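Undergrad: Handing you this structure, nothing more for now.
Just so it is clear, none of the values below were taken in a lab; they were calculated from the coordinates. Only a predicted model underlies this, so the values are computations on that prediction, with no experimental measurement involved. Neighbour counts run over all protein chains shown; Cβ positions are idealised from the backbone, glycine included.
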Amino acid sequence: MCGRYSLAIGYDAINDRFVFRGGVQLPMPFKPRFNIAPTQEVLTVVNPTGKGNEPRMMKWGLIPFWAKDPSIGNRMINARAETIVEKPAFR
């Protein structure tokens, strides 16, 4: 999962694209980012209740359901395709 990605759209374009529940605006400050890596916080838009979109900052990565410490996700960012079926974390 060593994937990085970009969020190239700006503040105004996101506010124009999404109607946020209760007229909420995006968290400030927010700028486009072109190298988002695992373990970094990134802007997301969620609709947890089905009643409207909400902007949230969330950590990009994978934390397995069985992890007692969220930092275990930091060690999972370099999964290898060759051994993925052997690793219990990816079952």
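Undergrad: Give me the number: length gained by fully extending Phe30 to Asp16, i.e. 0.36 nm times residue separation minus the C-alpha to C-alpha distance, one decimal in nm. Working shown, then result.
TA: Numbers: separation 14, 0.36 × 14 = 5.04 nm, distance 1.45 nm.
Additional length available on full extension: 3.6 nm.
Undergrad: In a solvent-free Debye calculation with one equal scatterer on each Cα, what is log10 I(q)/I(0) for the chain at q = 0.16, 0.21 Å⁻¹, listed in the order of the q values?
TA: One equal scatterer on each Cα of the chain leads to -0.79, -1.05.
Undergrad: Here's a follow-up. Given 0.36 nm per residue, what is the gain on full extension from Arg56 to Glu82 after removing their alpha carbon distance, in nm?
TA: Details: separation 26, 0.36 × 26 = 9.36 nm, distance 3.43 nm.
In short, 5.9 nm is gained.
Undergrad: Then there's this: Using R₀ = 35 Å, calculate the FRET efficiency as 1/(1 + (r/R₀)^6) where r is the Cβ-Cβ separation of Val42 and Arg75; round to 0.05.
TA: Numbers: r = 20 Å, r/R0 = 0.57.
Computed FRET efficiency for Val42 and Arg75 comes out at 0.95.
Undergrad: Taking the Cα centre of the chain as origin, work out the dipole magnitude from +1 charges on Lys and Arg Cβ and -1 charges on Asp and Glu Cβ, in debye rounded to 20.
TA: Values: 13 positive and 7 negative charges, 29 e Å.
Its charge dipole is roughly 140 debye.
Undergrad: Rank Phe90, Phe20, Val42 by how far each Cα sits towards the positive end of the charge dipole of the chain (+1 on Lys, Arg Cβ; -1 on Asp, Glu Cβ) and give me just the farthest.
TA: Phe90
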